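This report concerns only the one structure given below.
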Amino acid sequence: LRLALGSHLHEIRGLVHTNLVTAGTLAIHYGAQLVSSWIRCGELVAYGQTTGSLTIGGRAWYHGHGETVGEVHCGHLIVARGAKRVFHQRIFAMAADIDGELHGDLCCAGRLRVPRGAMIDGDVLAGQVVLEAGGRINGSVGTLPAVLRPGAPLAATARALLHNFAQDEDDR
């Protein structure tokens, strides 16, 4: 099943099995679970769980406690204060603000911000890391100049990040 939608709000409640394409916002409510092969949306607001490859053109807001199984590609990753999110596959983002807890590996083409009280438990590769006093990263941290110019397609950026992440791991 493939669901193609226009550009407005789409809400997931309960257990839903579908692939999804929308230019709008996808909201996954607390306790909900979206299971798919792939999802493409303009923006994501997730309180619940997702299974499947996610491509989010804009912001991916993660709240509450939950898990994501499948690669995540997004413009701007945001883990809200108080959130505890587990990502089972690598996350690729153009920029990231981690105000809560992120458990998983993160590749960020641009700026990654980890403020006081926030924590990443996993390996990080970013163009720039802003680790504020009281913020934590439990894992290896690598920095490199921005991989691609702003406005580059997410898929091309993810491939470049993955290539650089693999080189970084080979250098250890």
Select from the stretch 75-97 the residues that are open to solvent by less than 30 Å² (accessible area, probe 1.4 Å) and part of a loop (DSSP other than H, G, I, E, B) and write down the one among them that is farthest from Glu132 (Cα to Cα).
-> Ala83
If you scan the stretch 98-114, which residues turn out to be closer than 20 Å to Val69 by Cα and open to solvent by less than 30 Å² (accessible area, probe 1.4 Å)?
-> Ile98, Gly100, Leu102, Gly104, Leu106, Cys107, Cys108
The stretch 32-50 - residue that is outside any strand (DSSP E or B) and modelled with pLDDT of 95 or more and, of those, farthest from Val79 (Cα to Cα) | Ala32
Return yes when Gly117 is open to solvent by 10 Å² or more (accessible area, probe 1.4 Å), more than 28 Å from Ser37 (Cβ to Cβ), more than 12 Å from the chain's Cα centre (by Cα) and at pLDDT 95 or above and no when it is not.
-> yes
Restricting attention to the stretch 98-148, which residues are in a loop (DSSP other than H, G, I, E, B) and basic (Lys, Arg)?
-> Arg116
Whichever residue in the stretch 3-25 is assigned to a strand (DSSP E or B) and touching a residue at least 24 places away in the same chain (Cβ under 8 Å) and, among such residues, is surrounded by the most Cβ atoms within 10 Å (Cβ to Cβ) | Ile12
Could you please let me know if Val130 is hydrophobic (A, V, I, L, M, F, W, C), surrounded by fewer than 18 Cβ atoms within 10 Å (Cβ to Cβ) and touching a strand residue (DSSP E or B) at 6+ places or on another chain (Cβ under 7 Å)?
-> yes
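Which of the residues belonging to the stretch 65-74 are buried (at least 17 other Cβ atoms within 10 Å of the Cβ) and either of a type outside the set (A, V, I, L, M) or more than 10 Å from the chain's Cα centre (by Cα) (or both)?
Gly66, Thr68, Gly70, Glu71, His73, Cys74
The values are calculated or read from the model by the stated rules, or taken from the named source; none is laboratory data. Remember, it's a predicted structure, so these values are computed and weren't measured experimentally. Ideal geometry is used to build each Cβ from the backbone, glycine not excepted, and the neighbour counts take in all protein chains shown. Note: areas computed on protein heavy atoms with side chains; ligands, DNA, RNA excluded. Shrake-Rupley method; radii C 1.70, N 1.55, O 1.52, S 1.80 Å.
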